[in-house]
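Please read the structure below before turning to the comments.
The values are calculated or read from the model by the stated rules, or taken from the named source; none is laboratory data. Keep in mind the model is a prediction, meaning the values are calculated, not measured. As a convention, Cβ positions derive from the backbone with ideal geometry for all residues, glycine included, and neighbour counts pool all protein chains shown. Just so you know, the surface numbers come from the protein's heavy atoms only, side chains and all, with ligands and any DNA or RNA stripped out. Shrake-Rupley method; radii C 1.70, N 1.55, O 1.52, S 1.80 Å.
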Amino acid sequence: VQLQASGGGSVTPGGSLRLSCAASRSISSSIIMNWYRQAPGKQRELVASITSGGDTAYADSVRGRFTISRDNAKNTVNLQMNSLQPEDTAAYYCNAYHSGSGMNFWGQGTLVTVSS
């Protein structure tokens, strides 16, 4: 599976961005879609996950501000980010985890910068 992430950019604190990830093939069954982020000098961290059935999970730091969604028919997953703060500044990566095989697929990062 090839993943293409888009939607990053620069915003001021309190602003919003919507990231999108397009997969090259079906992401319907057995694939958990994730968004990770990596800030400069820090380890990559899991931000949000969504199963094929639509169950979601969020990091404590983004819960209530970020919303992950997926469209299995269009093979896309989105991350709506609201109330962005400087600490959200990072490269954001789309990830597909196939639970049947244990394989991971990564998209290229898209940079999000939050500053005044």
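Data overview
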read-out	value
Test: residue in segment 21-34 that is open to solvent by less than 50 Å² (accessible area, probe 1.4 Å), in a strand (DSSP E or B) and under 14 Å from L84 (Cα atoms)	no
Residue list for segment 57-80, restricted to those being open to solvent by 70 Å² or more (accessible area, probe 1.4 Å) and under 15 Å from S30 (Cα atoms)	A73
Flag if L3 is in contact with a Ser or Thr (Cβ under 8 Å, 6 or more places away or on another chain), under 30 Å from S116 (Cβ atoms) and open to solvent by less than 50 Å² (accessible area, probe 1.4 Å)	no
Residue ID - farthest from the chain's Cα centre (by Cα), chosen from residues in segment 89-109 that are in contact (Cβ under 8 Å) with a residue 60 or more places away in the chain and assigned to a loop (DSSP other than H, G, I, E, B)	G100
